[in-house]
Amino acid sequence: MTGFVSLNGPDSSGKSTQVRLLAESWEGFCDLGPVHRHDPIPWDRVSGEGYGTWWFITSTTEELTGMLFAGHAARAGARPSGRVGLLDRGWYMLLATAIATCTVKESLSVEDARSRVLALLDTDAPDPPETPLLLLPSLDTERSIAIARRREERPWTDTYLDYQRHLHRVLLCMAHQGVFADVVADPSQGIDATHARIRRALTEQEVGVPAHRHPVKDGRSREPSRPLPR
């Protein structure tokens with residue numbers, strides 16, 4: 001059985017909500033959350049006013065990629081023995097984030113940015129291994145972005161919108177390559193239906209069978225994690 005399950009997807013795709021529901025549904029799961037929770041010092045240093053400028057302009061691809069995956073390694077090390085760690089944005093999501101940011105930061109094609117980031121990582125597979133699932137508002141990039149923007153409380157800047165378009169394309173390319181155990185991309189599907197789909201996918205991967213839970217009545221839940229800059 002895998003030691004980690006990751007829920008991946010762009011902003012407002014429901015990752016944090018589903019991580020929370022999985023953690024509540026089975027005691028064998030442990031919610032490890034986002035990467036900055038496990039390596040807070042460098043993230044605290046760059047967050048706040050000017051965060052967006054740092055993310056897309058000031059930082060180097062080496063620095064940003066290093067921070068993302070250093071946090072990932074620290075998070076993996078925090079998994080309690082005998083439990084399955086739930087990752088809010090796993091290895092593939094961090095890779096897609098680094099690639100999409102690199103395309104914006106260095107004005108590269110997605111293919112060249114992917115080669116650049118993978119050369120920094122020196123691997124093209126999750127370390128440690130994980131069972132990744134992808135949540136998308138839609139399999140159509142522009143429709144997916146439109147749905148995500150409607151769900152957001154803040155407007156997306158031109159730079160951030162450009163980044164999101166690259167991010168959606170990278171994630172869809174990964175989905176077509178079959179790297180995800182399942183892809184949930186039905187915008188009409190509610191939180192409970194999505195949760196049931198995720199549970200079925202995990203059962204097929206022999207990860208465990210989360211207990212049945214009561215339907216969600218209080219709407220969308222948001223992980224109080226540091227968002228990417230707008």
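Details
- Of the residues making up segment 145-196, those that are assigned to a loop (DSSP other than H, G, I, E, B), farther than 26 Å from Pro126 by Cβ and either among the hydrophobic types (A, V, I, L, M, F, W, C) or over 17 Å from the mean Cα position of the chain (by Cα) (or both) are Glu153, Arg154, Pro155, Trp156, Thr157, Pro187, Ser188, Gln189, Gly190.
- On inspection, Leu161 fails the criterion of being buried (at least 22 other Cβ atoms within 10 Å of the Cβ) and either closer than 26 Å to Ala201 by Cα or among the aliphatic types (A, V, I, L, M) (or both).
- Exactly one residue among Thr141, Thr203 is within 21 Å of Cys30 (Cβ to Cβ) and free of Cβ contacts under 8 Å to residues at least 40 places away in the same chain, and that residue is Thr203.
- Of the helices (runs of 4 or more DSSP H) lying entirely inside segment 4-113, those containing at least 3 residues that are surrounded by fewer than 20 Cβ atoms within 10 Å (Cβ to Cβ) and touching a residue at least 60 places away in the same chain (Cβ under 8 Å) are 15-25.
- Among the residues of segment 135-157, some residue qualifies, meaning at least one is buried (at least 18 other Cβ atoms within 10 Å of the Cβ) and in contact with a Gly (Cβ under 7 Å, 6 or more places away or on another chain).
- Restricting segment 159-190 to residues that are modelled with pLDDT of 90 or more and of a type in the set (Asp, Glu), the residue that is farthest from Trp91 (Cα to Cα): Asp162
The values are calculated or read from the model by the stated rules, or taken from the named source; none is laboratory data. Since the structure is predicted, the reported quantities are computational estimates derived from the model, not experimental observations. Here the Cβ is made from the backbone with ideal geometry for all residues, glycine too, and neighbour counts use every protein chain on show.
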